[in-house]
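The values are calculated or read from the model by the stated rules, or taken from the named source; none is laboratory data. Only a predicted model underlies this, so the values are computations on that prediction, with no experimental measurement involved. With ideal geometry, Cβ positions are generated from the backbone for all residues, glycine too; neighbour counts draw on all protein chains shown. Side chains are part of the model used for accessible areas, which takes the heavy atoms of the whole protein and leaves out ligands, DNA and RNA. Shrake-Rupley method; radii C 1.70, N 1.55, O 1.52, S 1.80 Å.
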Amino acid sequence: MNLRRAEAYDAPLMATIHAQAFDRPWDAAAFADLLAGSGVFALLAFDEDATGLVLCRALAGEAEVLTVAVPPWARRRGVAKALLTGALGFAHELGAAAAFLEVDVDNRPAIGLYEGLGFERAGLRKAYYDRGAAGRADALVMRLDLGTQGH
Ligand SMILES: CC(C)(COP(=O)(O)OP(=O)(O)OC[C@H]1O[C@@H](n2cnc3c(N)ncnc32)[C@H](O)[C@@H]1OP(=O)(O)O)[C@@H](O)C(=O)NCCC(=O)NCCS
């Protein structure tokens, strides 16, 4: 597996990866806008093909994981774990002392992934996600102290 920083020209590839992982994908324009934002960076994973992405924002001493996506055919091979480990290490180098993220309370694979990396449950945002006809879902807020995790 190879990891590299995403550049502006990767926005269409990021949208393609995201669409394989989420029911409500973000388009290339959304990724281009996000990548241009202050403190925002992304990593891409490759084997022969692109196998995943992570998008983060590191600002004012804190990092936020904005999204993580691995296509179904590339899952359970450690891709997301490698992406997050790389991104959290980079965020720490940029000065982030802690990382936060929000995750759907029902997303057991993602919660398992984050807990495996040391993230702890920090709170709940009620009715945070719009699931369309399925109504709204709560978000779990998770936090990782980067200072003590050796990232
Ligand atoms: C969540 C997601 C990113 C995980 O990607 P992945 O590359 O398969 O994850 P990894 O192989 O790195 O898994 C690392 C650990 O996470 C946990 N995990 C991952 N998938 C899991 C699953 N389906 N069920 C339970 N635990 C899971 C396990 O602890 C796993 O370690 P193990 O394989 O040694 O047991 C992927 O399933 C995905 O893209 N899902 C759809 C998008 C999404 O929900 N993104 C996160 C919310 S923003």
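Kindly provide the set of residues from the stretch 130-151 that are assigned to a strand (DSSP E or B) and more than 16 Å from the chain's Cα centre (by Cα), ordered by number. Of everything in the stretch 130-151, those that are assigned to a strand (DSSP E or B) and more than 16 Å from the chain's Cα centre (by Cα) turn out to be Asp130, Arg136, Ala137, Asp138, Asp145. Listed by position, the helices (runs of 4 or more DSSP H) contained in the stretch 1-113 that have at least 1 residues being of a type in the set (Ser, Thr, Tyr) and open to solvent by less than 80 Å² (accessible area, probe 1.4 Å) are 11-21, 79-93.
Are any of the residues in the stretch 36-45 over 26 Å from Ala122 (Cα atoms), near the ligand (Cβ under 10 Å from one of its atoms) and touching a residue at least 12 places away in the same chain (Cβ under 8 Å)? Yes, the conditions are met somewhere in the stretch 36-45. Taken over the stretch 125-142, the criterion of being over 17 Å from Asp23 (Cβ atoms) and loosely packed, with under 12 Cβ neighbours inside 10 Å is satisfied by Lys126, Ala127. In the stretch 78-94, the residues that are on the phi < 0 side of the Ramachandran plot reach residues that are modelled with pLDDT under 95 and crowded, with 17+ Cβ neighbours inside 10 Å with C-beta atoms within less than 8 angstrom, at least six apart or across chains, in these pairs: Thr85/His151; Leu88/His151; Gly89/His151; Ala91/His151; His92/His151.
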